1. Tally the residues that are open to solvent by 40 Å² or more (accessible area, probe 1.4 Å) and at positive phi, restricting the search to the range 195-228.
2. For the subset of the range 345-359 comprising residues that are among the aliphatic types (A, V, I, L, M) and open to solvent by less than 10 Å² (accessible area, probe 1.4 Å), which member is farthest from the ligand (Cβ to nearest atom)?
3. Scanning the range 162-194 for residues that are open to solvent by 30 Å² or more (accessible area, probe 1.4 Å) and either part of a loop (DSSP other than H, G, I, E, B) or without any contact (Cβ under 8 Å) to a residue 12 or more places away in the chain (or both), which turns out farthest from Gly28 (Cα to Cα)?
4. Give just the number: which of (1) more than 10 Å from the ligand (Cβ to nearest atom); (2) part of a loop (DSSP other than H, G, I, E, B); (3) acidic (Asp, Glu) does Glu362 not satisfy?
5. State all residues of the range 585-615 that are more than 16 Å from the ligand (Cβ to nearest atom) and either open to solvent by less than 60 Å² (accessible area, probe 1.4 Å) or under 23 Å from the mean Cα position of the chain (by Cα) (or both); if no residue qualifies, say none.
6. Would you list the strands (runs of 3 or more DSSP E) that sit entirely within the range 38-100 and hold 3 or more residues that are in contact with a helix residue (DSSP H, G or I) (Cβ under 6 Å, 6 or more places away or on another chain)?
7. List the pairs whose first member sits in the range 298-319 and is closer than 18 Å to Arg342 by Cβ, whose second member is assigned to a helix (DSSP H, G or I) and open to solvent by 10 Å² or more (accessible area, probe 1.4 Å), and whose Cβ atoms are under 6 Å apart, counting only residues at least 6 apart or on separate chains?
8. Inspect all residues belonging to the range 433-442 and state whether any of them is polar (S, T, N, Q), open to solvent by 10 Å² or more (accessible area, probe 1.4 Å) and within 14 Å of the ligand (Cβ to nearest atom).
Amino acid sequence: MCGIVGYIGHRESSPFLLEGLRRLEYRGYDSAGIAVLGQNGLKICKTAGRIQGLVDKLIDTPLAGTVGIGHTRWATHGQATEVNAHPHHDGGSRIAVVHNGVIENYQSIKTTLEGKGRRFYSATDSEVLAQLIGYELESVEPSADDPYRHLVTAVKAALDQVRGTYGLAVVFRDYPDVLIAARLGSPLVVGIGTGENFLASDASPLVGHTDRIVYLADHQIAVVTADRLDVSHREAGQVHWNAEAMPINAADSGLSGFDHYMLQEIYEQPTSLENAMRGRLSEEHATAVFGGLNLTPRQMRGVNRLVLTACGTSWHAALVGEYLIEELAGIPVEVEYASELRYRNPPLDPETLLFAITQSGETADTLAALREMKRKGHHTLAICNVVGSSIAQEADGGIYLHAGPEVGVASTKAYTSQCVVLAMLALYFGRLRHMSFDAGLRIIESLQALPAQLEKTLEVNDRVKKVAERYAHCNNFLYMGRQFNFPTALEGALKLKEISYIHAEGYPAAEMKHGPIALVDEHTPSVFIMPHGKVYDKVMANLEEVKARGGPVIVVACEGDTDAARLADEVIYTPHVEEFLQPIISVAPLQLLAYHIAVLRGCDVDKPRNLAKSVTVE
Ligand code: F6R
């Protein structure tokens, strides 16, 4: 979703701002802009569409100056037009603001300011911040002993009036040696340089410029000059800040021989699984070992219920986790959409442990659900990929995925890493309870074999591409699986719809008879995920029902399954693995299927329309 960059120092700011915005592209956006302060005053350049459009504009009319802010916008209030793109100004071009988040009461502030004669030019909620700060600045006097105090006073006065969330950066035409930033609910980091300082909504734009970063916390305001950073809390005053080391893997290392990040990340999965398991499997104790749960084994043993909360693909991983943990550890698990959990009031006893599952660690709904559960006194843990993200920082403990940056908007490697972490958790909880040493060891062996099995699974790519060529023209797909592979059906359908814009539905296979079977016709392929296992025969019966109604059938089955080959129109084989680990393997052909269909339909695979990598609004 929206991204922020800022620079103040001795160099021209535009190159850093543009490079930084490119590094934030993966978050998803639909317009972009920069504001630069130089000898010619405060100048703004914006565009609807891609950053390249902004770069092209700046070739014709470059913006010179050593202070600047930039933004990629993902439209919430107001269309994705140039006028609605950030930075916004106060009407008189005395200040410029970039803002991530949502100002909920923008309409009433706008009406009040309009009543006082201020003219608004955009349809955004963010413009009220620029106008309000400009308005407040008119009534504060500069202080003799602190050149920036009145600027902070004006920003603070404006923030006191808004309701909502913000990560924001402000530059002032008449104060070209300072940049002010503030955060509430939307992340911001300051990069500490030498004679220059940087600002960004996550660490990735700062890689290569500094390895010292300061994470701003909610309610903090930062005054950033070329050689100084002052941080204060809106109520509590001056804050002592500490710079942390740049997280390893904050940088996107680029495409290495693949056409798209999504395909590269699909192929990275054997390695990302290894990374998720590295150092976490103990053959000596036949269990999994996690360093950061911040609970003793005795406290963990006392947990009598787990709530797994997440959104989207991460929610599908949570469903896989539910099957795994209930099967292997016998602990009741509830999976909740974070967006629902935050407003529900489920009766949960104190021994309930919450896991928030998230790739980005910034998903607004997941963060809000975590805070709500924390407020109720539950211990909260995160299963998260991005180090130092808001959820990673706010949870009481957690497990990092170590999957490396995921750039493709459609999540792939983070999903399989989440599933493998949940499998290790199931082993851990199982071994705290009834699971024998031998059973634990067998699970460890199965987990250790997974990366090689996933590597082998990916050899189906050419076969999947052929299947894609045959069905890419279809406008509806059904995905069916049962038990451990019910979430796989949901995930396969989500992958297809988000990157190829084809309508797809995932169902537990037996539910088909209760409605979706009405959709079956010769133009609607049904994808059955049916590796060997307890429910194989049942799913086979559902497959026959679809065949009997003339629907094309694509099957993901275990190697050597001749029955599936006989009945299906297309079979994609995967290696045999333990039933409970099959979701980690059988999702890979579905990721590839979605990928190839999207490419064949000419879709922008890594940046699908309307989607954002990191969903930081409700
Ligand atoms: C789909 C996808 C999204 C995310 C969801 C949650 O491919 O990536 O559905 O899974 O927006 O994001 P995180 O995991 O960052 O909380």
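The values are calculated or read from the model by the stated rules, or taken from the named source; none is laboratory data. Quick caveat: nothing in here was measured; it's all calculated off a predicted structure. Glycine gets a Cβ as well: all are built from the backbone with ideal geometry, and neighbour counts include every protein chain shown. All accessible areas refer to the heavy atoms of the entire protein, side chains included, with ligands and DNA or RNA removed. Shrake-Rupley method; radii C 1.70, N 1.55, O 1.52, S 1.80 Å.
1. Going through the range 195-228 one residue at a time, the tally reaches 2.
2. Initial filter on the range 345-359 (among the aliphatic types (A, V, I, L, M)): 348, 353-354, 356-357.
Filter again for open to solvent by less than 10 Å² (accessible area, probe 1.4 Å), leaving 353-354, 356-357.
Values: Leu353: 19, Leu354: 15, Ala356: 8, Ile357: 7 Å.
The residue in question is Leu353.
3. Step by step, filter the range 162-194, then rank; the result is Asp174.
4. (1)
5. Residues of the range 585-615 more than 16 Å from the ligand (Cβ to nearest atom): 585-586, 589, 596, 599-602.
Those that are more than 16 Å from the ligand (Cβ to nearest atom) and either open to solvent by less than 60 Å² (accessible area, probe 1.4 Å) or under 23 Å from the mean Cα position of the chain (by Cα) (or both): Ile585, Ser586, Pro589, His596, Val599.
6. Details: elements: 41-48, 67-73, 95-100.
Where strands (runs of 3 or more DSSP E) fall fully within the range 38-100 and carry at least 3 residues being in contact with a helix residue (DSSP H, G or I) (Cβ under 6 Å, 6 or more places away or on another chain), they are 67-73, 95-100.
7. Pairs found: Cys311/Asp365.
8. Scanning the range 433-442, I find no residue that is polar (S, T, N, Q), open to solvent by 10 Å² or more (accessible area, probe 1.4 Å) and within 14 Å of the ligand (Cβ to nearest atom), so the answer is no.
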